[in-house]
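Undergrad: The structure under discussion is supplied below as structure tokens; questions concerning it will follow.
The values are calculated or read from the model by the stated rules, or taken from the named source; none is laboratory data. Note that the structure is a prediction, hence the values are computed from the model and not measured. Every residue, glycine as well, gets a Cβ built from its backbone with ideal geometry; the counts of neighbours run over all protein chains shown. What goes into the accessible areas is simple: the full protein's heavy atoms, side chains included, and nothing from ligands, DNA or RNA. Shrake-Rupley method; radii C 1.70, N 1.55, O 1.52, S 1.80 Å.
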Amino acid sequence: MKNTKTMTGSVQSLTFSRRATLLGGASLGIGAVLLARMGYISVVENSRYKLLSESNRVNFTLIPPRRGWLLDRNEKPIANNKADFRVDLNPSRVKDKETTVATLSKLLRLDTEEVRRINTQLAKTNNFQPIHIASGLDLDSFAAVTVRLPDLPGVSASRGFSRNYPPGAAVGHLVGYVGTPSAEEYEQDPSPILVTPGYKIGKDGLEKKFEAALQGKPGAKRVEVTARGKIVRELEARPDIPGKSIQLTLDIDVQRYAARRLGEESGSVVVLDSQTGEILTITSMPSFDSNSFSDGISQNEWQMLSGDDHVPLRDKSLRGLYPPGSTIKPMVALALLKEGVRADETIFCTGRLKVGNSFFHCWKRGGHGIINMAKAIYQSCDVYFYQMALRVGIEPIAAMAKTLGLGLKYDLPVSSQSYGTVPDAQWKERKYNRKWQAYDTVNTTIGQGYMLANPLQLAIMAARIASGRNIVPSLLPNKNKRLPQSLEISPEHLAFVRSAMGDVVSEIGTARLAALPIPDVKMGGKTGTAQVRRITMAERAGGVRSNASMPWKFRDHGLFVAFAPVENPRYAISVVVEHGGGSGSAYPIARDVMTFLYEQEIAMDALLKLEADWGGDIEERMAKRLAEYKASKTVTATD
């Protein structure tokens, strides 16, 4: 029989007491630990949790600074800022991207293309870079998003300033545009302002070159918010410091007129003050609207621009290189005079000249007959310059070309320049390891062959002939700037060439229709046609007889350089029309732009008549072209 232990009251009491003591001790230990932890949190980590609590209650936001303005010589805005309601998206804070985009699309009435752009950027983003949803919103649309912000994490609605370019496409290539900083730019400078919605930096042109001065310093504000992010009140604000405004030498009215006057052509107009070198106009068309790029260009617009055979994304004034054609004949004449060729010496032009085994033709097939230097300039006789250039050789001609500004680099605040070529025997030996030949001299003398120049250089050449000074182009005004030094060219030689160029724009010259409709202002100039490609014998047999019969990209370029007034030149101009078919496409533009400098009303009347035939001004034509492009894409997608 097993022994059993009797559980008495005293035993039960003892057991209970032990267990109670054990549990009590454990409770006291846990309490002590909790108390110690609470003390540690309250005392030691007080600052940390206070900061966390404050950050939940208070939002600290950077305010993008207003960019400095770009102003023209008369302090008219080229680039300024406009008040803006905008909505942005921070991908790292978005919980449901698809639902968020769909909600924003409904609230802001975004079209399909915009939704596609946003989704594409969301797919490519690295989560640090804010995505622009919409800007330029009206108050109702902005309010519709603002009241939904607690339900849309990652979405920010802000009131600030956005970049604005009043001249639009007329300054696209020169001024450039601003845009959201890229991942690479953030890696180089990981500043919090770079990921602030609405902050943009210069991406191209003057906006990029002057970024340090234009960007300004950001402001900041602290606001009290609820747990769901609703703003209760603003606690503190520090205003932004706007960037520095920069004044340029441009005359924006002339710039705008020149861009409009180029019309449907692809080309460039450059106007300089021929006494100081200040650039009044440097326009290239067709162009792009900087406002589109800064606001976030649509895929359709980008595809339209990048696929255009007139290359609206290339700055033709600075990066376009063209054979200068006969526009360099006044320069060649100065070289001939310097080498001792008499201005009254004559040759007989039969319409062609045999050089080696080849014939080089004059533009006038029947020839000019007896011709001297002045007539060779105002009638643009090729044979005269062939013969005289073969007499003196290429070296003095190349030297004079450089003296007048061709082939040189200029210190301008622009993204890039193409410097062209002034060829000579040493250049060809170095470039091609071949000897210079007589036919090279003949080609170069009439601005063909290896010789290339950009429109700015052609305007500088005209300005140096007009002034006799070492004109250097500038985009920034310098009130203390002295007149450039005189060139080492005989004043008598310059006067003779200027007079002959005055005859070009007269009844006896090749550009008589370029005469200004202003009785007391006479313009001197020189026409030029740069051959792009010869018409082959097979094409002639097929009926191709002229530029107009050829595809646009094979037609000759039209060029014109000029200055006015002839007696005391103040302005110099170059016009280049790509594939215009000849100089007849260029000098009417120069005439009207130069007229605008003196009589704006007369020039505007002429322009408005032309724009009526073209289908409106630049903005109207670009909008129509984009609408047609979108429609064609829609039809293609449907098919």
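Undergrad: For the range 418-454 and the range 474-502, compute the distance between their C-alpha centroids and round to whole Å.
TA: 26
Undergrad: Next up: Once phi is turned into ³J(HN,Hα) by the Karplus curve 6.51 cos²θ - 1.76 cosθ + 1.60 with θ = phi - 60°, what whole-Hz value does each residue of the range 103-116 show in order, with x for glycine and proline?
TA: Per residue, the Karplus-derived 3J(HN,Hα) values read 5, 5, 4, 6, 5, 9, 6, 6, 7, 4, 5, 5, 4, 5 Hz.
Undergrad: In nm, to one decimal, how far is the Leu108 label point from the Asn372 one, both placed 7 Å along Cα→Cβ?
TA: Modelled inter-label distance: 7.2 nm.
Undergrad: For a quick protection proxy, order the peptides 101-110, 198-207 by their average other-Cβ count within 10 Å, most packed first.
TA: 198-207, 101-110
Undergrad: Let me ask something else about it. For Val178, list long-range residues whose amide hydrogen, built 1.01 Å from N in the peptide plane, is under 5 Å from its own amide hydrogen.
TA: Counting only residues 5 or more places away or on other chains, the set is Lys203, Ser294.
Undergrad: Separate question: Using Cα positions and a limit of under 27 Å, work out the lysines in reach of Lys76, with same-chain residues fewer than 8 apart set aside.
TA: Filter leaves Lys200, Lys203, Lys208, Lys209, Lys217, Lys244, Lys316, Lys479, Lys481, Lys609.
Undergrad: Let me ask another. Whole Å is fine, so just give me how far the alpha carbon centre of the range 302-343 lies from that of the range 85-139.
TA: What the calculation gives is 46 Å, centre to centre.
Undergrad: Suppose we take every Cα in the range 147-278 and form the convex hull; what volume per residue is that in Å³?
TA: 180
Undergrad: Can I ask one more? Where a Cα-Cα gap under 18 Å defines reach, which lysines qualify for Lys375, not counting those fewer than 8 residues away within the same chain?
TA: Lys329, Lys364, Lys526
Undergrad: Out of Gly68, Cys349, Ile133, whose Cα points farthest toward the positive end of the dipole of the chain (charges: +1 Lys, Arg; -1 Asp, Glu; placed on Cβ)?
TA: Ile133
Undergrad: So, one more: Under the definition of Cα pairs under 8 Å and six or more residues apart, what whole-number percent is the relative contact order of the range 181-319?
TA: Relative contact order comes out at 14 percent.
Undergrad: Please identify the trypsin sites (Lys or Arg not before Pro) of the range 399-446 that satisfy two criteria: DSSP loop assignment and at most 10 other Cβ atoms within 10 Å. Which are they?
TA: Lys409, Arg434, Lys435
Undergrad: Can I ask one more? Report, ordered by chain and residue number, the aspartates and glutamates lying within cross-link reach of Lys522, taken as a straight Cα distance under 15 Å and ignoring same-chain residues fewer than 8 apart.
TA: Within the straight-line cut-off, Lys522 pairs with Asp503, Glu507, Glu567, Asp592, Glu599.
Undergrad: Net charge near Pro565: determine it from the other residues with C-beta under 13 Å of the C-beta of Pro565, scoring Lys and Arg +1 and Asp and Glu -1.
TA: Taking every other residue near Pro565 into account, the sum is +1.
Undergrad: Return the carbon/sulfur percentage of the accessible area of the chain, one whole number, probe 1.4 Å, all protein chains in place.
TA: 52
Undergrad: A further question on this structure: In degrees, nearest 10, range 0 to 90: what is the angle between the Cα axis of helix 455-467 and the longest Cα principal axis of the chain?
TA: Result, in degrees: 50.
Undergrad: ³J(HN,Hα) across the range 192-209 via Karplus (A = 6.51, B = -1.76, C = 1.60, θ = phi - 60°), whole Hz, x for Gly/Pro?
TA: Karplus-based 3J(HN,Hα) across the range 192-209 equals x, 5, 5, 10, 7, x, x, 7, 9, 10, x, 10, 7, x, 5, 4, 7, 5 Hz.
Undergrad: Further question: For the range 68-170, which GluC sites (Glu not before Pro) pass both filters: DSSP loop (anything but H, G, I, E, B) and at most 10 other C-beta atoms within 10 Å?
TA: Listed in order of number, the matching sites are Glu75.
Undergrad: Follow-up. Tell me the mean residue ellipticity at 222 nm calculated for the chain from its helices only (DSSP H runs of n ≥ 4, each -39500 (n - 2.57), averaged over every residue, nearest 500).
TA: After summing the helix terms and dividing by the residues of the chain, the value is -12000 deg cm²/dmol.
Undergrad: Quickly rank 610-621, 480-491, 155-166 as a protection proxy: mean count of other C-beta atoms within 10 Å, highest first.
TA: By packing density, highest mean first, the sequence is 155-166, 610-621, 480-491.
Undergrad: Just to confirm the number: angle between the C-alpha axis of helix 394-403 and the first principal axis of the chain, 0 to 90 degrees, nearest 10?
TA: Computed tilt is about 50 degrees.
Undergrad: Right, another one. With a 1.4 Å probe and all protein chains left in place, how much accessible area per residue does the chain have, in Å²?
TA: It amounts to 50 Å² per residue over the chain.
Undergrad: Each label point is 7 Å from the Cα along the Cα-to-Cβ direction; what then is the distance between the points at Ala36 and Glu345, in nm?
TA: Here the answer is 11.0 nm between the modelled labels.
Undergrad: With only Lys, Arg, Asp and Glu charged, each at its Cβ (+1 for the first two, -1 for the last two), find how big the charge dipole of the chain is about the Cα centre; round to the nearest 20 debye.
TA: 2320
Undergrad: Using Cα-Cα distances under 8 Å and only pairs 6 or more residues apart, what relative contact order does the range 566-637 have, in percent?
TA: Taking the mean separation of contacting Cα pairs over the length of the range 566-637, I get 15 percent.
Undergrad: Working from Cα positions, state the angle (0 to 90°, nearest 10) between the long axis of helix 46-57 and the longest principal axis of the chain.
TA: 60
Undergrad: Further question on the same structure: Whole angstrom only: what separates the Cα centroid of the range 382-405 from the Cα centroid of the range 346-364?
TA: Each part reduced to its Cα centre gives a spacing of 16 Å.
Undergrad: Relative contact order for the chain: what percent, with Cα pairs under 8 Å and sequence separation of 6 or more?
TA: 13
Undergrad: Sticking with this one: Where does the charge balance sit around Ala500 when Lys and Arg score +1, Asp and Glu -1, over other residues with C-beta under 10 Å from its C-beta?
TA: Once all neighbours under 10 Å are counted, the net charge is +3.
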